Amino acid sequence: MRISTVKEIKTREARVGIVPAGVAVLVQDGHDVFVERDAGAVAGFSDADYEDAGAKLVDQAEAWANAELLVKVKEPIAEEYQFLREDLTLFTYLHLAADRPLTEALLNARTLGIAYETVQDSTGLPLLTPMSEIAGRLAAHAAATYLTAPEGGPGRLLGGSPGVAPCRVVVIGGGVVGTQAALLALGMQAEVTVLDTSGTRIRELDNLLNGRARVVMSDPATLAHELSTADVVIGAVLVPGKAAPQVVSRGDLALLRQGALLIDVAIDQGGAFETSRPTTYADPIYEVDGVRHYCVANMPGGVPQSSTRALTNATFPHLRRLASLGPYRTIVEDPVLASGVNTCGGAIIHAGVAEALPELPHASLGSMLSI
Ligand SMILES: NC(=O)C1=CN([C@@H]2O[C@H](COP(=O)(O)OP(=O)(O)OC[C@H]3O[C@@H](n4cnc5c(N)ncnc54)[C@H](O)[C@@H]3O)[C@@H](O)[C@H]2O)C=CC1
Ligand SMILES: CC(=O)C(=O)O
Ligand SMILES: [Mg+2]
């Protein structure tokens with residue numbers, strides 16, 4: 001099979017979809033691997049590393065044109081839609097519930113789109129988890145950074161100091177992002193509350209955090225109380241594949257203290273706050289009604305050396321299976337990868353995406369594959 005990866009062109013995104021060690025395995029398996037020049041440079045992998053592993057170095061257009069299977073990190077952006085076609089399988093993050101133009105481009109091109117973030121197994125979302133772990137930790141870094149005066153914040157130290165009270169961090173959604181954000185904020189000695197709507201998850205977190213943080217069921221009154229005493233609010237909710245539930249409305253901003261900071265990690269699924277809109281590392285913060293919002297949609301892209309390794313550790317075994325069996329046979333035989341199929345043959349396949357974009361064509365995977 002012909003497999004390609006490209007240099008990410010989203011602003012300040014420097015992760016890469018495959019590392020040289022993975023290329024070497026695929027080449028040994030008998031595949032042709034094409035890597036766009038410079039694709040891994042910032043993530044710590046030179047063109048020579050890829051060539052030594054057996055990849056052919058190509059330009060962007062060649063990488064897309066040569067590929068039967070294209071592995072990347074971020075969803076294609078508008079400049080890349082021209083490269084989508086029917087005889088192409090795309091294996092990457094897609095976040096289609098929040099991205100109608102990309103969904104339409106994939107449907108018009110009839111591309112088989114397999115989204116990392118909806119691949120589901122008995123452990124959860126194995127191809128989202130490693131980036132959620134990193135984004136959760138980075139959310140605590142962002143909180144600490146953007147509370148400082150030189151970064152436009154109120155000038156407070158997240159964890160306080162001897163004799164001075166710490167800041168209050170409220171994490172909404174206690175899954176992977178929320179847990180890592182809470183743990184790192186606790187490590188910096190912040191005062192942390194985690195809210196979730198799942199009783200099971202609340203019990204797990206209560207055990208894990210063992211009294212170090214407050215773990216509470218989210219309902220409107222509890223959430224309003226928590227917002228009114230927060231210095232930082234981190235949005236970390238998810239219903240897989242679907243648009244993020246909006247848990248903080250524009251009206252709720254009036255509840256917040258002066259100088260409070262909102263960090264919406266769930267922005268890639270459309271955002272947990274009504275007033276969120278995606279930002280990038282080039283200009284991460286904006287204000288609505290005097291409240292600063294940090295909504296970087298590719299937070300792990302800021303630590304590409306760490307996050308490329310964490311991501312590809314998880315994605316590579318699936319990539320190898322897609323390559324060796326062929327994508328269509330793999331999604332018929334492997335229910336885990338089948339759960340990643342978001343688009344096929346011009347239709348939306350994933351139920352969560354179909355719910356978010358009901359006016360676009362949708363179908364079951366079985367009907368598209370005639371099984
Ligand atoms: N901005 C970025 O760079 C990145 C964003 N993410 C995103 O972060 C979000 C969270 O991801 P994970 O933590 O992996 O998901 P997860 O599935 O592990 O956790 C989500 C949690 O939200 C809870 N939840 C759902 N609805 C809720 C509600 N209305 N109120 C309170 N809690 C609610 C769930 O019970 C669950 O515990 C996703 O949208 C993911 O794509 C992940 C990595 C990077
Ligand atoms: C999960 C995701 O979208 C990211 O890591 O950028
Ligand atoms: Mg994303």
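Residues that are more than 16 Å from ligand 2 (Cβ to nearest atom), assigned to a strand (DSSP E or B) and among the hydroxyl-bearing types (Ser, Thr, Tyr): does the range 283-296 have at least one? Checked against the condition, which is being more than 16 Å from ligand 2 (Cβ to nearest atom), assigned to a strand (DSSP E or B) and among the hydroxyl-bearing types (Ser, Thr, Tyr), the range 283-296 yields at least one hit.
Listed by position, the strands (runs of 3 or more DSSP E) inside the range 51-128 whose residues that are away from ligand 2 (no atom under 16 Å from the Cβ) and under 23 Å from residue 31 (Cβ atoms) number at least 2 are 56-58, 69-71. Looking only at residues of the range 61-110 that are more than 16 Å from ligand 3 (Cβ to nearest atom) and hydroxyl-bearing (Ser, Thr, Tyr), we find that the one that is nearest to residue 313 (Cα to Cα) is 89. Given the conditions (1) in contact with a Ser or Thr (Cβ under 6 Å, 6 or more places away or on another chain); (2) within 16 Å of ligand 2 (Cβ to nearest atom); (3) not assigned by TED's automatic domain parsing to the domain that holds residue 99, and given that residue 274 satisfies all but one, which numbered condition is not satisfied? Here residue 274 clears every test but (2). Evaluated against (1) away from ligand 3 (no atom under 16 Å from the Cβ); (2) on the phi < 0 side of the Ramachandran plot; (3) touching a residue at least 40 places away in the same chain (Cβ under 8 Å), residue 124 falls short on exactly one condition, (2).
Does residue 332 satisfy the condition of being in contact with a His (Cβ under 9 Å, 6 or more places away or on another chain), in the same structural domain as residue 72 (by TED's automatic domain parsing) and either within 13 Å of ligand 1 (Cβ to nearest atom) or not acidic (Asp, Glu) (or both)? Answer is no for this residue. Scanning the range 1-25 for residues that are part of a loop (DSSP other than H, G, I, E, B) and of a type in the set (S, T, N, Q) gives a single hit, 11. In the range 194-217, the residue that is surrounded by the most Cβ atoms within 10 Å (Cβ to Cβ) out of those that are within 23 Å of the chain's Cα centre (by Cα) and polar (S, T, N, Q) is 197.
Kindly indicate whether residue 113 is surrounded by 18 or more Cβ atoms within 10 Å (Cβ to Cβ), more than 17 Å from residue 369 (Cβ to Cβ) and either within 16 Å of ligand 3 (Cβ to nearest atom) or free of Cβ contacts under 8 Å to residues at least 24 places away in the same chain (or both). Criteria not met by residue 113.
Quick grid of which residues meet (1) surrounded by fewer than 21 Cβ atoms within 10 Å (Cβ to Cβ); (2) more than 22 Å from residue 302 (Cα to Cα); (3) out of contact with any Gly (no Cβ under 6 Å at 6 or more places or on another chain):
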{"residue": "5", "(1), (2), (3)": "no, no, no"}
{"residue": "35", "(1), (2), (3)": "no, no, yes"}
{"residue": "54", "(1), (2), (3)": "yes, yes, yes"}
{"residue": "66", "(1), (2), (3)": "yes, yes, yes"}
{"residue": "76", "(1), (2), (3)": "no, no, yes"}
{"residue": "90", "(1), (2), (3)": "no, yes, no"}
{"residue": "98", "(1), (2), (3)": "no, no, no"}
{"residue": "108", "(1), (2), (3)": "yes, yes, yes"}
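Table: residues versus (1) within 16 Å of the chain's Cα centre (by Cα); (2) more than 30 Å from residue 28 (Cβ to Cβ).
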{"position": "288", "(1), (2)": "no, yes"}
{"position": "311", "(1), (2)": "yes, no"}
{"position": "315", "(1), (2)": "yes, no"}
{"position": "319", "(1), (2)": "no, no"}
{"position": "330", "(1), (2)": "no, no"}
{"position": "343", "(1), (2)": "no, yes"}
{"position": "361", "(1), (2)": "no, yes"}
{"position": "365", "(1), (2)": "no, yes"}
{"position": "368", "(1), (2)": "no, yes"}
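Within the range 51-72, the set of residues being out of contact with any Pro (no Cβ under 7 Å at 6 or more places or on another chain) and closer than 17 Å to residue 343 by Cα comprises 68, 70, 71, 72. Inclusion of residue 45 among residues that are buried (at least 18 other Cβ atoms within 10 Å of the Cβ), more than 16 Å from ligand 2 (Cβ to nearest atom), hydrophobic (A, V, I, L, M, F, W, C) and farther than 16 Å from residue 91 by Cβ is warranted. Considering the range 245-269, the residues that are within 16 Å of ligand 3 (Cβ to nearest atom) and either more than 16 Å from residue 135 (Cα to Cα) or not small (Gly, Ala, Ser) (or both) include one that is nearest to the chain's Cα centre (by Cα), namely 268.
Rundown of residues vs (1) modelled with pLDDT of 95 or more; (2) farther than 22 Å from residue 362 by Cα; (3) surrounded by fewer than 22 Cβ atoms within 10 Å (Cβ to Cβ), yes/no style:
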site	(1), (2), (3)
21	yes, yes, yes
59	yes, yes, yes
71	yes, yes, no
84	yes, no, yes
101	yes, no, yes
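The values are calculated or read from the model by the stated rules, or taken from the named source; none is laboratory data. Worth saying up front: this structure is predicted, and the values here are computed from it rather than measured. A quick note on method: Cβ atoms are made from the backbone with ideal geometry, for glycine too, and the neighbour counts reach across all protein chains shown.
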